[in-house]
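Participant: This structure is in structure tokens; I'll ask about it shortly.
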Amino acid sequence: MGWTACELHSHTNHSDGRQSLLELAQGAKALGFDCVALTDHNTMTGLKDRESIEQETGLTIISGMEWTTFYGHMVTIGLTEFVDWRPAGPGDIHEGVERVHALGGIAGMAHPYRIGNPMCTGCFWEFEIRDWNQLDYIEVWSGTFPSIKTDNARAFRLWTERLNDGFRIAATSGRDWHAQELTDAPISVTYLQLDENEGSITEQAVRALAAGRASVTMGPLVTLELRSEKMVYAIGDCVPEQDRSESYEAVVEIDFQVREGLWEFPEARYLITLMSNLGVIGEQHASSEQKQYRFEIPGKGLMWVRAELKGNARSMRTMIAFTNAIYAESEQAYD
Ligand SMILES: [Zn+2]
Ligand SMILES: [Zn+2]
């Protein structure tokens, strides 16, 4: 199973982007991506030359669309055909997500707290969500150098609150990439762990994200495992009630070689934090000399845990990377 570097939010000149699909694909390849999801606003016509561009660039292009309405933007990937956004009123997002699911796609909130009218019509999420189980993911990091933006910090908190409520929802980054322009701002990557069993890369990416097999980073790739006496659980997995224990071994691995040469942070003061519904349950300093870090963490009361990597970027102390969660089933039968 491979961790695949994906950009999950992009536009071309088929909506308001200022780049062709070929320019987008070449730019993504140069930044070390394996895949890019094309998520033009309310259209999929930009995918027309997809196959020849995939062959020319060696990059995989995932089908998608940004469902763009007055009440919010919803990113989708994996759609097999266009989903009409026009009927959507402020209470109708669930019907929209249902239609996305029916056409093989999955749906996430795009940049939910970006300033809306009159700056960016519909950018702020106002749809009423009655059932968080239905939404597949939240784009918690939007834009370049996303970790320092206050609207992203709110989105990140929203994700944490939903995890605390017991929902299993994935978190992604998306550059909302509109044009090829030089920037020295850190670029975020969503790594998806593809199962490579069957179907196209798009189908594999949809399955990975639906299952929460995702890790987001501006630099090294961070992965997490929980080990009980019997089993090993990976990102997106859930520890079943019968395998709950008083404590687990958590193993964080950091791959400092990914996208080599395309990112740089000062080595010193990397800090791994294990965050959970119980708060911080582990902390260790990290460096590129060491790949693996082991923690003993409590099992009692644990509903979810993720790894976060903090560091220094552009003279700021900030989050560099975070994994999606590993879950644990409720402990009703546990005493
Ligand atoms: Zn948008
Ligand atoms: Zn967008």
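Participant: Quick one: Debye curve from the C-alpha atoms of the range 189-334, no solvent, what's log10 I(q)/I(0) at q = 0.13 Å⁻¹?
Facilitator: Values returned for q = 0.13 Å⁻¹ are -0.60.
Participant: Please report, to one decimal in angstroms, the Kirkwood hydrodynamic radius of the range 21-117 built from all distinct Cα-Cα pairs. Display every interim value, and only then the final one.
Facilitator: On the way: mean 1/r = 0.0706 Å⁻¹.
Hydrodynamic radius (Kirkwood, Cα pairs) of the range 21-117 is 14.2 Å.
Participant: Report the convex hull volume per residue for the range 169-208, counting only C-alpha atoms, in Å³. Spell out each step's value before the answer.
Facilitator: Numbers: hull volume 4.2 nm³, N = 40.
So the per-residue hull volume is 106 Å³.
Participant: Quick one: helix 93-102 against the long Cα principal axis of the chain, what's the angle to the nearest 10°, folded into 0 to 90?
Facilitator: Result, in degrees: 90.
Participant: Give me the orientation-averaged projected area of the Cα convex hull of the range 253-335, in nm², one decimal.
Facilitator: Reported value for the Cα convex hull: 6.2 nm².
Participant: Turning to a different aspect of this structure: Where the only charges are on Cβ atoms (+1 Lys, Arg; -1 Asp, Glu), what is the dipole of the chain about its Cα centre, to the nearest 20 debye? Each step should come with its number before you reach the end.
Facilitator: Numbers: 28 positive and 49 negative charges, 171 e Å.
Here the chain has a charge dipole of around 820 debye.
Participant: Continuing with this model, one more query. Would you work out the charge dipole size for the range 167-324 about its Cα centre, treating the Cβ of every Lys and Arg as +1 and the Cβ of every Asp and Glu as -1, and quote it to the nearest 20 debye? Let's see the in-between values first.
Facilitator: Values: 16 positive and 23 negative charges, 93 e Å.
Dipole size: approximately 440 debye.
Participant: Between beta-carbons, use under 14 Å as the cut-off and find the net charge around Ile281, counting Lys and Arg +1, Asp and Glu -1. Mind showing how you got there, number by number?
Facilitator: Numbers: positive: Arg294, Lys300, Arg306; negative: Glu246, Glu249, Glu283, Glu296, Glu308.
Result for the local shell: -2.
Participant: Now, a different point. Across 10 Å bins from the origin, how do the percents of Cα pairs in the chain run, short distances first?
Facilitator: That works out to 6, 27, 35, 24, 8, 1, in percent per bin.
Participant: Another question, if that's okay. Can you list the aspartates and glutamates whose alpha carbon is less than 20 Å from that of Lys291, not counting same-chain residues fewer than 8 positions off?
Facilitator: Qualifying aspartates and glutamates at Cα under 20 Å: Glu225, Glu249, Glu253, Asp255, Glu260, Glu264, Glu267, Glu283, Glu308.
Participant: I would also like to ask the following. Grab the other residues whose beta carbon is less than 14 angstrom from that of Asp176, score K and R as +1, D and E as -1, and report the net. Let's see the in-between values first.
Facilitator: Working: positive: Arg18, Arg114, Lys149, Arg175; negative: Glu7, Asp16, Asp40, Glu66, Glu139, Asp151, Glu181.
For residues surrounding Asp176, the net value is -3.
Participant: Take each of the peptides 154-167, 211-224, 70-83, average the number of other beta-carbon atoms within 10 Å over its residues, and list them starting from the highest. Present the calculation step by step, with values, prior to reporting the outcome.
Facilitator: Working: 154-167: 16.9, 211-224: 23.8, 70-83: 21.5.
Highest-to-lowest ranking by the protection proxy: 211-224, 70-83, 154-167.
Participant: Okay, moving on. Per-residue ellipticity at 222 nm for the chain, helices alone: DSSP H runs ≥ 4 residues times -39500 (n - 2.57), over residue total, nearest 500 deg cm²/dmol?
Facilitator: Details: 5 runs with 53 residues, N = 335.
Value at 222 nm, helices only, nearest 500: -4500 deg cm²/dmol.
Participant: Spit out the partnerless Cys residues in the chain, using Cβ distances under 4.7 Å as the pairing rule.
Facilitator: By the Cβ distance rule, which asks for a partner under 4.7 Å, the isolated cysteines are Cys238.
Where a number appears in this text, it was derived from the coordinates with a stated rule and is not lab data. All values reported here derive from a predicted model rather than from experimental measurement. Note that we place each Cβ from the backbone using ideal geometry, even for glycine, and neighbour counts take in every protein chain shown.
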